[in-house]
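Report on the structure given below.
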Amino acid sequence: MAYTVYERKVWRKSSAAVSITCGGRIYLNAVMARLFHENGFNWALLLEDAAQRKIAVRPLTRSDKRAYRICYSARLSQAGIHAKSFLLLLGWDRRGYQLDARWD
């Protein structure tokens with residue numbers, strides 16, 4: 001009997017990445033979560049560049065009335081931001097996305 005080799009569907013990224021879920025959460029992968037946590041970031045401003053169709057997350061150490069709370073998982077395997085209202089304002093189609101991120 002011959003064996004069938006199955007290709008792996010999910011890959012772990014060793015670089016910064018962001019996911020947008022169908023429920024309206026923005027998730028940062030482990031690389032970003034650890035970077036944010038090490039720098040004491042607990043809040044984030046969400047920014048939009050409409051001309052280039054880009055969004056940005058500006059982490060903050062202090063609360064701001066415009067900022068969203070960053071929630072970290074117990075082992076820093078990810079961090080999440082509840083951003084449904086922000087995404088809907090941009091015209092988000094309620095679908096999930098996985099995006100590469102760049103740290104400035």
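The numbers here are math on the coordinates, done by the rules we state, and not lab data. Note that this is a predicted model, so its numbers are computed, not measured. Quick reminder, even Gly has a Cβ in these numbers, built from the backbone with ideal geometry, and neighbours come from all protein chains shown.
Numbers at a glance
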read-out: Selected from Leu46, Ser63, Gln78, residue furthest toward positive end of dipole (region 18-93; charges at beta carbon); value: Ser63
read-out: Cβ charges +1 (Lys, Arg) and -1 (Asp, Glu), total dipole of the chain, debye; value: 220 debye
read-out: Full-stretch length increase - Arg58, Ser15 - with 0.36 nm per residue and alpha-carbon distance subtracted; value: 13.7 nm
read-out: Relative contact order (percent, whole number), the chain, Cα cutoff 8 Å, 6+ residue spacing; value: 34 percent
